[in-house]
Amino acid sequence: MLNSNYIESLFGIKGAKLKNIERNTEESTINVYFELEKDIHECPACKELTISVHDYRVQKIKGPPLGEYFMVFHYRKRRYVCPACNKRFYEKNSFVPRYHRMSYSLLSYILSELRSVSCRKSVAKRCNISVCTATRVFDLISPGKPKLPEVISIDEFKGNAETGKYQCIITDPKNRKVLDILPGREAHHLSAYFSSFPREERQKVKVVVIDMWKPYADLSKTYFKNAIVVIDRFHYIRQVLWAFDKIHRDEYTPYGQNPNSPWKRCGSGLVPHPCHPGGCHSCPPYP
Ligand SMILES: [Zn+2]
């Protein structure tokens, strides 16, 4: 009974009857052998109650690391048989998800590690699992879908996802919050995402702030019928500055070739040449 209490407090396994504990120094594992208390179970098919045991099977389950050792549970799993319909079914347990070989305590440990350590490889090594498994556990975390605010902003950033060079970021600019990140900025990614929101929710969006990427504008008109589309200040001003720069270059380039150009360089700007047309040629040509 005391052993059962230990196993429950240490690993969250309720009602366990501990059979043995072994330490394997070669494999760096601590092997815990146990089974659950026999109990009345309800048949999943006909709801008849039964306590008749059909057979047992030992399942190996990975547990969280304990110091430099890895925990391995050897769970003697009981299978009941229904006296009414003869259905066989496994007993209920609270420590391992169905079809999994990792305990809830290990899953919880991996998630806490992934929260604090960015490298999945080191988490996988610490938990004695493969990198693929660590990635699968990470993918299980579902932050849930956000609620669309009245003002949303769509932009891209250069990321390192396998889906493409740019990823798309959806933000709430009024409250300065990131709502979601999409795998790509292409129309099909955006359509799949926004079409998953109910129409009533999309109709409540009043302003969509975008840069000058055409698919954003097309998509905004399709999915946010009641919203106005605004080009954000940064991209708007950048276009103006680029236009000035172009004029600058167009006007300045001839100066290097033509000493009679009416313009001279002044810092990063362009001013009328004071010596024009006097032949002051000390100004360097535009790079
Ligand atoms: Zn039954």
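Suppose we keep only residues that are under 15 Å from Ile13 (Cα atoms) and either free of Cβ contacts under 8 Å to residues at least 40 places away in the same chain or of a type in the set (Phe, Trp, Tyr) (or both) within the range 26-56. Which one would you say is nearest to the ligand (Cβ to nearest atom)? Per the stated criteria, the residue is Glu37.
The set of residues from the range 135-149 being over 17 Å from Ser195 (Cα atoms), surrounded by 10 or more Cβ atoms within 10 Å (Cβ to Cβ) and either at pLDDT 80 or above or hydroxyl-bearing (Ser, Thr, Tyr) (or both) comprises just one member, Thr135.
Evaluate the range 102-115: report whether one residue or more is surrounded by 14 or more Cβ atoms within 10 Å (Cβ to Cβ) and part of a strand (DSSP E or B). Looking for residues that are surrounded by 14 or more Cβ atoms within 10 Å (Cβ to Cβ) and part of a strand (DSSP E or B), one finds at least one in the range 102-115, hence yes. The strands (runs of 3 or more DSSP E) falling completely within the range 48-95 that include 2 or more residues that are under 27 Å from Ser108 (Cβ atoms) and among the aromatic types (Phe, Trp, Tyr) map to 69-81, 88-90. Contact map, the range 179-202: first residue small (Gly, Ala, Ser), second residue assigned to a helix (DSSP H, G or I), Cβ cut-off under 8 Å, separation 6 or more or different chains; pairs are Ala187/Pro215; Ala187/Asp218; Ala187/Leu219; Ser191/Leu219; Ser191/Thr222; Ser191/Tyr223; Ser195/Tyr223.
Condition check ((1) without any contact (Cβ under 8 Å) to a residue 60 or more places away in the chain; (2) within 16 Å of the ligand (Cβ to nearest atom)) across all residues:
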position: Tyr69; (1), (2): yes, no
position: Phe73; (1), (2): no, no
position: Arg79; (1), (2): yes, yes
position: Arg101; (1), (2): yes, no
position: Val137; (1), (2): yes, no
position: Ser153; (1), (2): no, no
position: Lys158; (1), (2): yes, no
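If you go through the range 174-209 and pick out every residue that is surrounded by 14 or more Cβ atoms within 10 Å (Cβ to Cβ) and farther than 18 Å from Pro146 by Cβ, you end up with 4.
The values are calculated or read from the model by the stated rules, or taken from the named source; none is laboratory data. Computed from a predicted model, the values in this text were never measured in an experiment. Heads up, the Cβs are rebuilt from the backbone with ideal geometry, glycines too, and the neighbour counts pull from every protein chain shown.
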